[in-house]
Amino acid sequence: MDTKNRPTDLVHSAFFAALTAVLGLISIPIPMSPSPISAMSLGIMLTGSILTVRQAAFSVITLILMGAAGLPVFAGMSGGIGILLGPRGGYYFGFLIGVMLIAWLRGRQNRIWRLALANVTGGVMVVDLFGVVWLSFITDISLGNALIAGVLPFLLGDLVKAFIATWIGALVNRSLLRFKG
């Protein structure tokens, strides 16, 4: 059997796409930003913390395609191509690069410091970079103003989510290593 397309890969990817969408239900609009405070980024960090690079990428691609098709899988039960092409779109595309980077940086060992670094780098810095650049481009505001509107209100919460994802990811990975071995 070709191990590159195992049914379990699809199941894991679908599960984490669904988990991320469900976490998007936790959404708080804030007046100073076009993006709401959302738990979706926690789902992205958990996905990268537990799945392989390929599984994680497929999970986020699935999420983005479902949202583009109009299913309410984005923050605040929103969906549609307009969300992806609007001020929040950069964050969703940043999720794809960020989740792959998290899965790649964490490596094969279950080192908590490495997982924490991966979550902060991929789950916070990369996602925010894509989000800020896209927000600046779409709304025609300066990068500085996009940073103020698109990162600062979320930074503390994102770091807390990175801590939570690191802790849960390390526990799950430890259990999976015991289960396999």
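Only the coordinates and a few stated rules stand behind these numbers; no lab work does. If you're wondering where the values come from, they're calculated on a predicted model, not measured in any experiment. Every residue, glycine among them, receives a Cβ derived from its backbone with ideal geometry; neighbour counts consider all protein chains shown.
Could you check which residue among G169, G70, G123 shows the biggest mean-square fluctuation in a GNM of the chain with a 10 Å Cα cutoff?
Result: G70 has the largest fluctuation of those listed.
Among K161, K180, rank each residue by its count of other Cβ atoms within 10 Å, from fewest to most, as a rough exposure measure.
Ranked by crowding around the Cβ, least crowded first: K180, K161.
In the Gaussian network model of the chain, springs joining C-alpha atoms below 10 Å, which of V160, V124, V151 carries the largest mean-square fluctuation?
For the chain, modelled as a Gaussian network with Cα springs under 10 Å, the answer is V160.
Ignoring everything except DSSP H segments at least 4 long, calculate the 222 nm mean residue ellipticity for the chain; use -39,500 (n - 2.57) per segment, divide by total residues, nearest 500.
-21500 deg cm²/dmol
Using the alpha-carbon atoms, what tilt in degrees (0 to 90, nearest 10) does helix 155-180 show relative to the longest principal axis of the chain?
That works out to roughly 20 degrees.
In whole Å, what is the distance between the alpha-carbon centres of the range 85-104 and the range 129-181?
Each part's Cα centre sits 9 Å from the other's.
What ³J(HN,Hα) values, in whole Hz, does the Karplus curve 6.51 cos²θ - 1.76 cosθ + 1.60 give for the range 141-146 when θ = phi - 60°, with x put for Gly and Pro?
Whole-Hz 3J(HN,Hα) from phi for the range 141-146: 10, 5, 4, x, 5, 5.
Return the FRET efficiency for the residue pair T121, L152: r is the Cβ-Cβ distance, R0 is 22 Å, and the value is rounded to the nearest 0.05.
0.70
Between L135, L156, L19, find the one with the highest GNM mean-square fluctuation for the chain; connect C-alpha pairs within less than 10 Å.
Comparing L135, L156, L19 in a Gaussian network model of the chain, the most mobile one is L156.
Compute the helix-to-body angle for 7-23: its Cα long axis versus the longest principal axis of the chain, expressed 0 to 90° and rounded to tens.
40
Report, in degrees rounded to the nearest 10, the 0 to 90 angle that the Cα long axis of helix 127-139 makes with the longest principal axis of the chain.
For 127-139 against the chain, the angle is about 30 degrees.
Show the residues, 5+ positions off or on another chain, whose built amide H is closer than 5 Å to the amide H of I37.
HN-HN under 5 Å from I37: I28, I30.
Relative contact order, percent, of the chain when contacts are C-alpha pairs under 8 Å separated by at least 6 residues?
Over the chain, the number comes to 23 percent.
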